[in-house]
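The values are calculated or read from the model by the stated rules, or taken from the named source; none is laboratory data. Remember, predicted model here, so these are calculated numbers, not experimental data. Positions of Cβ are backbone-derived with ideal geometry, glycine not excepted, and every protein chain shown enters the neighbour counts. Just the protein is used for accessible areas: all its heavy atoms, side chains included, with ligands, DNA and RNA removed. Shrake-Rupley method; radii C 1.70, N 1.55, O 1.52, S 1.80 Å.
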Amino acid sequence: MSIVLAPSVAGVPDFTYWGTALGTADPATVAKLQTPGVPRSALDAPRIRGVVGENVSGFTGLPGLEGIRPGRTATAWAPLLRDWTGTLDEDEDARLTLTSADTESGWGVRVEVELTLEGLVRMRTQVTNVGSADLILAAVRCALPVAPRATELLDLTGRWCRERTPQRRPWLIGTHLREGRHGRTGHDATLLMVAGTPGFGFGAGEVWATHVAWSGDHAAYAERTPEGECLLGGGELLGPGEIELHAGETYTSPWLVGSHSAIGLDHASARIHGWLRRQLPLTERPVLINTWEAVYFDHDLGGLTDLVDAAAKIGVERFVLDDGWFRGRRSDRAGLGDWTVDAQQWPQGLHPLIDSVHGAGMDFGLWVEPEMVNEDSDLARDHPDWILRGRELLPPTWRHQQVLDLQHPDAYVHVRDALLAILDEYEIAFLKWDHNRDLIDVAHQGRSAVHGQTLAFYRLLDELREAHPGLEIESCASGGGRIDLEVLLRTDRVWPSDTIDAVERQRIQRWTSLLVPPERLGAHVGGPVAHTTGRHATLGFRAATALLGHFGMEWDVRSLTEAEREELTAWVALHKRLRPVLATGRLVRGDDHDPAVVVSGIVGADGADAWFVVAVIDTVVTQAPPPVLLPGLDPDRIYLLSVETPAGEGHRSDLGATWLDGEPVEVAGAVLTTLGVRLPTTAPGTAVVLRAVARPQPPESSRP
């Protein structure tokens, strides 16, 4: 991987290149060879965007910096940055820091560009008010250059229970802008903005992808100008007057993270996954059960203890008590904000339940939603001024709740201390941290509150983890409403969606994993009928869909038949066999031309052990399914290919004999990745688990 920043003909640093490594190429020579011409009706010198992007220099795309000074005390209306200095720090990750200032406009600017060991590019911008009057920022954007041969765009959209829906389009001249105005990342957030060569896929084509690492309002864009610039960029989406810098104050933008791949989306994802794993290494993830769809608000110690016993017999290792345990919480209409154990529901506190969980060999987790408050709560009655609002009238309710103003010092201390008290009293290994509404019409001290609320959320997570270093936290926000790299640095997994309908989850998990490593992606086995869609699915299909994630279940396992219990136990055992590879391996996804067939896999770091799930989510186009390719294997090695699907109910559409029913087969990796394997005629809602184990390689000394 190479990025090239070099002085342009105008003397300002300019991004000349981002892509495949250029070896020992001289940056100045590269910049010289990339200098644009001077048309007749244009600036009288080559037009250069520079590292920031200044409209005052003639760049006509989205500017990197926008702001105003009330009263117009400066003679210059916008920064013109010409005198730059830079320092290069080549530690584990190489970081270039560029600084400049325009005293006439009063802007001081610092740009950090980092190239990580994994090949990610990270960029952020700091703005300091070096003038005497206040500076109100409108936008601080970062952008990275993309080769003009990238002519297709891919981004993601979605909604509650249908997150991460891909959409593709030609990349034409103009700006494709995606803004998130939810006060959180959003169910519709595009985790990556991707530009690529025509027809790029998971395993083919050259791609450039960027991500805005921020959990509040944000913007991501792809821009192709008539003059020829091709850029991927983004930043925080600031409300009017939200950031006002007094003299000497500084604003720091979120990181813009870029990942390039010459061989498709999987490799771009692998760079991100590798970087996250280095920042926050995780051991093998415990199999968990969450109580929500098993009991909802019906918290009864006897029933929950029975659920603990039933879960332990299946092989569950973590028991998570969901919503309904705290004071006054009998429905979603009351109680949020009163973070003490309900004495009527739990006269001895949570101790008897937690003792039961620990006695069964499991650790204990708990659901919380600290940023929210019900109007029907002691907290709201005692401190109505702590509710976040933009006027005297409260914002419209959402799930019957409002938002707590975490920028209010007393409100912040209250919720922090309440959580610490729970964590100090009980042995809690895991918090399921929810956030069940958008921020609408919210202000703090007369300004939009989203920026400050987001920073306060980060601070709250940081303080809790500092006090309890072993605590694990899940980012849940009505499902996948808060998934981004900044929250992932502070949490251990995400909940991709509130739906656990296996058909929907096949797509949601596939595209969420563009950003999120599989071991940090919560994937649960639900009941036979999905609670969000009413769709029926076999146990085998539901379990296969959850297999290559952080495996768990959201099902009243007390009600299982003996056959269901045996089958689910087998799936839990299968997941435990493969999870060492899951935590360190490379995620691969098939580029099958029939959208009914979804191939997902995890390949060990050394390529010697790989697991694949081949799921059929709809009727296939042809009479017999086409051969399924198994990506990511070493074409030069010999693999033992075996079927690992646990026995269970299922509809078989093929009347003939199939290799799936026989012994494992030895076959070259090239055959599996290029020719593939044929599956029998397969009904929708079925899945097959395959494992490929490489024959041990001979020692170097014995090779020809």
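The table that follows gives values for the structure above.
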| read-out | value |
| --- | --- |
| Protection proxy ranking of 98-111, 407-420, 458-471, 201-214 - average other beta-carbon atoms within 10 Å, highest first | 201-214, 98-111, 407-420, 458-471 |
| Taking the convex hull of Cα positions in the range 382-477, its mean projected area over all directions (nm²) | 6.6 |
| Most to least packed among 13-24, 683-694 [average Cβ atoms within 10 Å] | 683-694, 13-24 |
| When the range 69-223 is reduced to its Cα atoms, the Kirkwood hydrodynamic radius in Å | 18.1 |
| Percent antiparallel among DSSP beta bridges (both partners in the chain, rounded to 5) | 80 |
| Within the accessible area of the chain (1.4 Å probe), percent carbon and sulfur | 53 |
| Listed peptides 657-667, 569-579, 549-559, 639-649 by packing density, highest first (mean Cβ within 10 Å) | 549-559, 569-579, 639-649, 657-667 |
| Asp382 paired with Glu179, simple spin-label distance in nm, labels 7 Å along Cα-to-beta-carbon | 4.0 |
| Accessible surface, per residue, of the chain when the full set of protein chains is kept, probe 1.4 Å, Å² | 39 |
| Hits among aspartates and glutamates - C-alpha to C-alpha of Lys576 under 15 Å, sequence gap 8 or more where chains match | Glu284, Glu317, Glu519, Glu567, Asp609, Glu644 |
